[in-house]
Amino acid sequence: MKVHYLNCGTFHPRFVRKVLGPLADVPSVCLLLEDGDRLILVDSGLGTRDMNDPGRLGFPNLMLNAIPDLEQTASRRIESMGRKPEDVTDIICTHLDSDHAGGLSDFPDARVHVSQAEYDAAVSEDRSRRPSYRRCHFAHDPKWVTYKDTSGEDWFGMECIRGLEGLPAGLVLVPLPGHTAGQCGVALQTDDGWLLDCGDAFYAAEELEHPRAAVRFFARLAHDDPRSARLQLARIKKVIAEGKGVVTVLASHDRQGFDRLSGD
Ligand SMILES: [Zn+2]
């Protein structure tokens, strides 16, 4: 599978830009996988409707400050590659916050793969608990495919979900709860080893080494369960250490990682 790294929504968070450096210009990274004739997305970024009407992102966007740009949406980027949005048959969501699920409605026929825990938190239950879940992003009634069985073979020592419906075996969900109730990393086998898209388990590469106090503070604010998020970060560091040369790690808003992997 050929992997494209797409920024499908840039944020310029208000109030924090001077303090945070690497978090000041924030991409929303989606992976676009070419699997024969079909396309698979990992996360959908912001959608065309969000770019036309940022009010769809709710009050969190008052601080996060999405930069409206239709050309950044996954559907426009796919068209600019000479492909059709209809070629996207499947979307795997790390979680269902607005910056990951906003583009789902641009691909209404695609199956949307997500953990059962995340579906329950974002779609089934009272969404008022987490303002980043936006009802409008699910109004087209996506073709959900949900998962909870982690009993299969582990992935580099981490419990995981294999056998995603209709998807290649080299795609694996790795539960990383903490940022949200059911967030999963998406592990992808490539010619060069494994890539683990960690979603929002961390924001900036410096969190994997020696994060500044301000980075730790703002990252903590974003997580539903900061203690669990800290545990996931420790697990990710362990995988990086033990899978040296085999596992590459990326997070959805990690500018440094995105620039390195996308060649920008
Ligand atoms: Zn996010």
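Using Cα-Cα distances under 8 Å and only pairs 6 or more residues apart, what relative contact order does the chain have, in percent?
Rounded, it is 17 percent for the chain.
Add +1 for every Lys or Arg and -1 for every Asp or Glu among the other residues with Cβ under 11 Å from the Cβ of D99, and state the total. Please report the intermediate quantities before stating the final value.
Numbers: positive: R134; negative: D43, D50, D97, D200.
Spelling it out: positives minus negatives among the neighbours equals -3.
Please list 59-69, 3-13 highest first by mean number of surrounding beta-carbon atoms within 10 Å per residue.
3-13, 59-69
Cβ under 12 Å from S228's Cβ, S228 left aside: what net charge do those residues give with Lys, Arg +1 and Asp, Glu -1? Don't skip to the end; give the middle numbers.
Working: positive: R220, R227, R230, R235; negative: D224, D225.
Computed value for this residue: +2.
Name the residues whose placed amide hydrogens come within less than 5 Å of the amide hydrogen of D43, ignoring near sequence neighbours (fewer than 5 apart) on the same chain.
For D43, whose amide H was placed from the backbone, the distant partners under 5 Å are I92, C93, T94.
Each residue of segment 201-207 in turn: what ³J(HN,Hα) in whole Hz from Karplus with 6.51, -1.76, 1.60 and θ = phi - 60°, glycine and Pro shown as x?
For segment 201-207, the Karplus-derived couplings read 5, 8, 10, 10, 3, 5, 5 Hz, x marking Gly and Pro.
Leaving out ligands, DNA and RNA, what percent of the accessible area of segment 2-262 is carbon and sulfur, probe 1.4 Å?
Numbers: 5740 of 11360 Å².
Its accessible area is 51 percent carbon and sulfur atoms.
Using amide H atoms built 1.01 Å from N in the peptide plane, name the residues 5+ places from W194, or on other chains, whose amide H lies under 5 Å from its own.
Answer set, sorted by chain and number: V247, T248.
May I ask you to evaluate 6.51 cos²θ - 1.76 cosθ + 1.60, the Karplus curve with θ = phi - 60°, for each residue of segment 208-214 and list the ³J(HN,Hα) values in order in whole Hz, giving x for glycine and proline?
Each residue of segment 208-214 in turn: 7, 10, 10, x, 5, 4, 5 Hz.
For the chain, with a Gaussian network of springs between Cα atoms less than 10 Å apart, report the residue from G185, G58, G166 with the top mean-square fluctuation.
G166
Can you run phi through the Karplus equation (6.51, -1.76, 1.60; θ = phi - 60°) for segment 144-150 and list ³J(HN,Hα) in whole Hz, with x for Gly and Pro?
For segment 144-150, the Karplus-derived couplings read 5, 10, 10, 9, 8, 7, 10 Hz, x marking Gly and Pro.
Near the amide H of G185, under 5 Å away, which other amide H atoms are found, from residues 5 or more places off or on another chain, if H is placed in the peptide plane?
Correct list: V174, L176.
Could you work out how far apart the two model spin labels at A139 and R260 are, taking each label as a point 7 Å from the Cα in the direction of the beta carbon, and quote it in nm?
About 4.1 nm separates the two model spin labels.
Under a Cβ-Cβ cut-off of 14 Å, what is the net charge of the residues other than T190 that fall near it, where Lys and Arg count +1 and Asp and Glu count -1? Mind showing how you got there, number by number?
Working: positive: K2; negative: E34, D35, D191, D192, D197.
It works out to a net charge of -4.
Quickly rank 93-106, 190-203 as a protection proxy: mean count of other C-beta atoms within 10 Å, highest first. Numbers along the way, then the final one.
Numbers: 93-106: 27.8, 190-203: 20.6.
In descending order of packing, they fall as 93-106, 190-203.
Probe of 1.4 angstrom, ligands and nucleic acids ignored: what's the accessible area per residue over segment 2-262, in square angstrom?
On the way: 11360 Å² over 261 residues.
Value for segment 2-262: 44 Å² per residue.
Expressed as a whole number of Å, what is the distance separating the alpha-carbon centroids of segment 109-165 and segment 211-234?
Cα centroid of segment 211-234 versus Cα centroid of segment 109-165: 22 Å apart.
The values are calculated or read from the model by the stated rules, or taken from the named source; none is laboratory data. Keep in mind the model is a prediction, meaning the values are calculated, not measured. Neighbour counts run over all protein chains shown; Cβ positions are idealised from the backbone, glycine included. All accessible areas refer to the heavy atoms of the entire protein, side chains included, with ligands and DNA or RNA removed. Shrake-Rupley method; radii C 1.70, N 1.55, O 1.52, S 1.80 Å.
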